[in-house]
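The values are calculated or read from the model by the stated rules, or taken from the named source; none is laboratory data. Not measured: the values here are computed from a predicted model. When we count neighbours, we look across all protein chains shown, and the Cβ atoms used for this are built from the backbone with ideal geometry, even at glycine. These accessible areas exclude ligands, DNA and RNA; they are computed on the full protein's heavy atoms, side chains included. Shrake-Rupley method; radii C 1.70, N 1.55, O 1.52, S 1.80 Å.
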Amino acid sequence: CADGLYGELKLDLRDLLFGDDAEAMLPTSIMQPAIFSIEYSLARLWMSRGVMPAAMVGHSIGEFVAATLAGVFELGDALRLVARRGALMQARPAGAMLAVRAGFDDIQARLPESLSMAAENAPVACVVAGAHEDVARFQEQLEGEGIACRLLRTSHAFHSAMMDPLVDAFGKETAAVERHAPRIPIVSTATG
């Protein structure tokens with residue numbers, strides 16, 4: 001994966017992954033290809049040991065990993081897509097994400113229009129995302145109501161309306177890549 005990403009990143013990802021500077025991993029343009037590479041490599045390791053998936057599901061970058069393992073994308077194409085996605089996201093204005101210990105419906109009812117529901121991770125674990133100031137105000141409101149929440153260490157408001165402007169550009173990138181029907185079933189986190 002690191003070799004395949006060199007052309008896009010103009011650096012050897014291994015230098016960052018195995019280096020001493022944890023901050024160097026934080027830019028989205030680096031973190032997303034790193035997440036893909038680690039997830040893909042771990043899956044291939046398990047598969048090489050005979051642990052074969054009957055079906056797969058992934059979230060965000062994990063869906064790209066699942067699709068690649070299932071044969072939808074060739075590895076090189078997936079690496080380019082993930083690197084370009086990371087670069088497009090990196091170019092967006094900074095934002096924040098807040099993990100909230102409450103149910104989706106409960107949070108959705110309180111959610112200001114300026115924020116997005118970014119993820120529903122469990123029955124009482126959601127993530128909201130948006131501009132720093134809006135997330136800070138919402139956090140203060142929730143804490144005032146006794147609802148536990150915690151800012152996530154992230155550079156941008158992923159899975160939020162703040163990412164909408166990159167959808168067309170990334171759609172064109174994806175459309176230019178050859179895709180195949182999956183050889184292993186994949187459950188979409190968008191459609192089920």
The listed residue being of a type in the set (D, E, K, R), closer than 29 Å to Cys126 by Cα and open to solvent by less than 40 Å² (accessible area, probe 1.4 Å), out of Arg101, Arg110, Arg85: Arg85
Contacts under 7 angstrom Cβ, first residue in region 26-49 being buried (at least 18 other Cβ atoms within 10 Å of the Cβ), partner among the polar types (S, T, N, Q), 6 or more apart: Thr28/Gln90; Thr28/Ser155; Ser29/Gln90; Tyr40/Thr68
Filter result (under 11 Å from Ala83 (Cα atoms) and of a type in the set (A, V, I, L, M, F, W, C)) within region 3-58: Leu5, Leu9, Ile30, Met31, Ala34, Ile35, Phe36
Single unsatisfied condition, Glu74 versus (1) at pLDDT 95 or above; (2) closer than 21 Å to Gly7 by Cβ; (3) under 19 Å from the mean Cα position of the chain (by Cα): (3)
Cβ-Cβ under 7 Å pairs, at least 6 apart or on other chains, region 153-168 side touching a residue at least 60 places away in the same chain (Cβ under 8 Å), far side among the β-branched types (Val, Ile, Thr): Ser155/Thr28; His156/Thr28
Evaluation of Ala190 against (1) out of contact with any His (no Cβ under 8 Å at 6 or more places or on another chain); (2) open to solvent by less than 70 Å² (accessible area, probe 1.4 Å); (3) aliphatic (A, V, I, L, M) (one fails), failing number: (2)
Arg183, sole failed condition from (1) surrounded by 18 or more Cβ atoms within 10 Å (Cβ to Cβ); (2) out of contact with any Asp or Glu (no Cβ under 9 Å at 6 or more places or on another chain): (1)
Yes/no for Ala54 being within 21 Å of Met163 (Cβ to Cβ), surrounded by fewer than 16 Cβ atoms within 10 Å (Cβ to Cβ) and among the aliphatic types (A, V, I, L, M): no
Close pairs from region 127-147: first surrounded by fewer than 15 Cβ atoms within 10 Å (Cβ to Cβ) and at pLDDT 95 or above, partner part of a helix (DSSP H, G or I) and not hydroxyl-bearing (Ser, Thr, Tyr), Cβ under 8 Å, at least 6 apart: Gln141/Arg110
